[in-house]
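Note sheet for the following structure.
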Amino acid sequence: MCSALAPCAKWSHNVVMSKTMSATKFKAHVLALLERVAKTGEKIVVTKRGKPMAELRRTQASSKSKRKSLKGSVRILGDIISPVDVKWESDWK
């Protein structure tokens with residue numbers, strides 16, 4: 001059965017649909033909508049009196065995943081622990 005929370009058509013993962021919904025309807029179905037957005041990637045625009053107020057969409061990759069993607073991309077050349085014997089010039093006193 002088709003409803004606002006369960007669309008009739010099955011969309012591929014490459015297509016991101018956007019749906020507009022009133023704040024009242026959103027509030028009544030928020031938990032189911034969160035599950036749906038997480039699963040399908042669909043965007044939901046929440047409106048108040050017909051004006052867009054917020055957008056619900058799947059989150060981007062976490063910062064932990066971003067850190068993992070940098071693993072192995074940095075090389076240390078030389079000693080980074082010992083002090084250097086170079087005198088620095090500074091305006092700070």
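The numbers here are math on the coordinates, done by the rules we state, and not lab data. Note that the coordinates shown come from a computational prediction; the quantities given were computed from them, not determined experimentally. When we count neighbours, we look across all protein chains shown, and the Cβ atoms used for this are built from the backbone with ideal geometry, even at glycine.
Applying 1/(1 + (r/R0)^6) with R0 = 35 Å to the Cβ-Cβ distance of HIS29 and LYS71 gives a FRET efficiency near 0.30.
Legend: P(r) of region 18-58 from all alpha carbon pair distances, 5 Å bins from 0, whole percents, reading 6, 28, 36, 22, 7, 1.
Stretching the chain fully between ARG58 and SER90 yields a gain of 6.8 nm (0.36 nm per residue, less the alpha carbon separation).
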